[in-house]
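To start, the structure under review is shown below, and the notes come after it.
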Amino acid sequence: MSKVSILIPIYNVESYLRECLDSVVNQKLKEIEIICINDGSTDSSLDIINEYAEKDSRFVVISGPNGGYGKAMNKGLDAATSEYIGIVEPDDYVPDNMFSDLYEIAIKNDLDFVKADFFRFTTTNGILEKKLEPLDKTGTHYNNVFDPSHTPEALYFTINTWCGIYRRDFIEKNHIRHHETPGASFQDNGFYFQTFIYGQRAMIVDTPYYMNRRDNPNSSVSNPNKIYTMNIEMDWVMDILKKDPEIWERFKYMYWWRKYQNYNFRFKVIDKSFKLDFLNRLCQEYKWAQMRGELDLNLFEPGQRNDLKKKIAQTDSAYSKTYFMVSWKIKQHIPQPVKDFIKKILWGNKNGKKKL
Amino acid sequence: MERKNFEISVIVPVYNSEKYLKQCLDSIVGQTFKDIEIICVNDGSTDSSSQILSEYASKDDRFVIINQENGGAGKARNTGLDASRGKYLSFLDSDDFFENTMLEKAYKKIEQDNSDFVVYNSDQYITDKDDYINLICCIRPTAIPPYSPFSYRQLTENVFKAFVGWAWDKLYRKSFVQEHKLYFQEQRTTNDMLFVFSALIVAKKISVVDEILAHQRRDADGSLSKTREKSWFCFFDALMALKDRIEKEGLTWELERDFVNYAVHFSLWNYNTLAKQTRPLLKEKLAGEWQEALGIKGKPEEYFYNKQEYHDFLDAVK
């Protein structure tokens, strides 16, 4: 049995793929399995994979029609045979000591998973700029074995699934898989949550390895079907947490904390015409979570806490009005029909001429 | 040759509704969605309803007429359900009427989302005044997500108040109804609430069409809701059956609070809309054993989402 199966889900990444594959092929840890899952690429990605696979028997190539990130990753998980599983995105790359180091730590400490700090990088005119991303901003949890299933605050750690390795036996025993929704739509969130709620022996280390590319600025999301992909993924996460009332009880506060971070992240990239509805849904959800006692505002940093308090405090009748104040900054982007509608709610028809 | 399947089975229990039956049937026959069977269950009518049914059936072979002894709308809907051959089920009432695109729009949505059921909006028709009024409670706009399909877990108000516990503003997937063994309670009134709310809590996929597609008649002569003093206890039986269902589904830990809040709301509504002379009977029950059985008793004030409603309830049963 090889030591680590490295999963690489691939969709139209020809310009970055060689750099990625080279970095995996050249790992100091030689007993690896390199599982490339081609998710219906329409560029030359599959040719590149096949070219590498011909030269290196450690490659496993899986190719099928486009089915989305989650499905591709699940195919990879199904095919993996090694002791541990790692993930490398095809536009990123890894230093040659990443998997040997992490594997050694995992074995020595008998870990379900180990994760390491990483870099985010950009390349402009051939100049590499990289920024260290610590997993634990407080710096207090590094290099000790902990039990994530009873450490909900570990969900504060920077969210991603590719900066570490996971024991395959742990993944299989807990049936950990990705949500099979179309495209790339936050499917790493579900995987991330499952590893933390089920894991019993884990460690984070403060040596950075993984190189995460940030060249592509977030393009604006304007497809109505994609506006709520974050919500749909987090709905799926909620279903998983609620399979066991005790798990939900333990993690509900961090669930709502995480979702709020996702909301903020998502809000920035969705098209302005959807921002109003999107914020509206946020207010609705957090008011209700508060009413049900599922929200712990102390978990939020002060700026976020105040923002949430404002959003929750609105009474139903004043709701639209206050809500509108909150979204003042985006008002110049609101289309006229929506403005008219808000005017009607705020002032009724008789004062409809009031300037907005 | 007799057909074995249809896209939609429309099920209509009919009991002495000669006055409004034609308007109802016309709006079903005139649906733009044509691949339907119209199952009318004549529940022992003593007026000319059965003649009207025969007349429609003779002109349109999509009609199926079933006659049974009077057993109530719940039993009649179950009869229709068992006889149905459609992929989807629509339960309509014989004194209401519908937009001709109702089934088409509901069908499109349930197919598109592959959902277990779809809810559409409706209003009330005031017969005497020939006027329509909008009720915000049919689909609570602040309770539902802006995307679909979703489950009850995405509702941001009391799960049992997001939609109303009646069957006629929803289109159900028959395989879903069968899989979860959903049936109507065979009692005089409140016989559909258990069906509707059981479906709500077991459905993985719910969709909404936010358009008014049905018109519910109010102040209809002979409407059962006007003569509830003969069956003032039925709502309690329905609530207790729902409580059992929640328990059986293993969801008490999650839904008990919503249920108790709804029990307060529904009890209060029943109390307020009951004829004055019957109220003391209900009051006595609610003040004692029913309050206990429903789980209302002994809960602290913060347990109740709507404090006003809770206090109104306490005042009513005092």
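The values are calculated or read from the model by the stated rules, or taken from the named source; none is laboratory data. Source: prediction; values computed, not measured. Because the Cβ atoms are built from the backbone with ideal geometry, glycine has one as well, and the counts that use them run over all protein chains shown.
I'd like to check something: does the stretch B:195-208 contain any residue that is under 27 Å from B:GLU256 (Cβ atoms), at pLDDT below 90 and part of a loop (DSSP other than H, G, I, E, B)? The answer is no, given that none of the residues of the stretch B:195-208 is under 27 Å from B:GLU256 (Cβ atoms), at pLDDT below 90 and part of a loop (DSSP other than H, G, I, E, B).
Yes/no matrix, rows are residues, columns are (1) within 30 Å of A:LYS242 (Cα to Cα); (2) within 14 Å of chain A (Cβ to nearest Cβ):
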residue: B:LYS230; (1), (2): no, no
residue: B:ALA238; (1), (2): yes, no
residue: B:LYS248; (1), (2): yes, no
residue: B:ALA263; (1), (2): yes, no
residue: B:ALA293; (1), (2): yes, no
residue: B:TYR303; (1), (2): yes, yes
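The C-beta contact set for the stretch B:248-272 (first residue more than 14 Å from B:PHE236 (Cα to Cα), second residue surrounded by fewer than 19 Cβ atoms within 10 Å (Cβ to Cβ), distance under 6 angstrom, 6+ apart or interchain) comprises B:TRP253/A:PRO245. B:GLU179: farther than 25 Å from A:TRP236 by Cα, of a type in the set (D, E, K, R) and more than 14 Å from every other protein chain (Cβ to nearest Cβ), yes or no? Against the criterion (farther than 25 Å from A:TRP236 by Cα, of a type in the set (D, E, K, R) and more than 14 Å from every other protein chain (Cβ to nearest Cβ)), B:GLU179 does not qualify.
Residues that are in contact with a strand residue (DSSP E or B) (Cβ under 9 Å, 6 or more places away or on another chain) and under 12 Å from A:ILE49 (Cβ atoms) within the stretch A:14-24 comprise A:LEU17, A:CYS20, A:LEU21, A:VAL24, listed in sequence order. When the stretch A:269-278 is limited to residues that are surrounded by 17 or more Cβ atoms within 10 Å (Cβ to Cβ) and part of a helix (DSSP H, G or I), the one that is farthest from the other protein chains (Cβ to nearest Cβ) turns out to be A:LYS275.
Among the residues of the stretch A:163-196, the ones that are of a type in the set (S, T, N, Q) and more than 30 Å from A:ASN223 (Cα to Cα) come to 2 in all. Restricting A:ARG266, A:ARG281 to those that are under 15 Å from the mean Cα position of the chain (by Cα) and crowded, with 18+ Cβ neighbours inside 10 Å reduces the list to A:ARG266. Selection of helices (runs of 4 or more DSSP H) fully inside the stretch B:234-318 by the criterion of at least 1 residues being outside the structural domain of B:ASN158 (by TED's automatic domain parsing) and of a type in the set (S, T, N, Q) returns B:252-273, B:289-294, B:307-317. In this entry, A:ARG167 passes the filter for residues that are under 30 Å from A:GLU33 (Cα atoms), in the same structural domain as A:THR124 (by TED's automatic domain parsing) and crowded, with 20+ Cβ neighbours inside 10 Å. Remark: pairs (first residue in the stretch B:128-157, on the phi > 0 side of the Ramachandran plot and within 14 Å of another protein chain (Cβ to nearest Cβ); second residue assigned to a strand (DSSP E or B) and of a type in the set (D, E, K, R); Cβ separation under 8 Å; 6+ apart in sequence or on different chains) are absent. The requirement of being away from chain A (no Cβ under 14 Å), at pLDDT below 95 and buried (at least 19 other Cβ atoms within 10 Å of the Cβ) is not satisfied by B:ASP116. Within the stretch A:191-209, is there a residue that is of a type outside the set (Val, Ile, Thr), within 13 Å of the chain's Cα centre (by Cα) and within 14 Å of chain B (Cβ to nearest Cβ)? No, that holds for no residue.
Annotation: A:ARG258 fulfils all but one of (1) more than 14 Å from the chain's Cα centre (by Cα); (2) surrounded by 15 or more Cβ atoms within 10 Å (Cβ to Cβ); the unmet one is (1). Residues of the stretch B:158-171 being within 16 Å of A:GLY293 (Cα to Cα) and either away from chain A (no Cβ under 14 Å) or touching a Cys at 6+ places or on another chain (Cβ under 9 Å) (or both), which ones? Matches in the stretch B:158-171: none.
Screening A:GLY86, A:GLY70, A:GLY76 for residues that are under 25 Å from the mean Cα position of the chain (by Cα), assigned to a strand (DSSP E or B) and either surrounded by fewer than 18 Cβ atoms within 10 Å (Cβ to Cβ) or at pLDDT 95 or above (or both) leaves exactly one candidate, A:GLY86. Can you pull out the residues in the stretch A:279-303 that are more than 13 Å from every other protein chain (Cβ to nearest Cβ) and closer than 25 Å to B:TYR305 by Cα? Selection gives A:ASP296, A:LEU297, A:ASN298, A:LEU299, A:PHE300.
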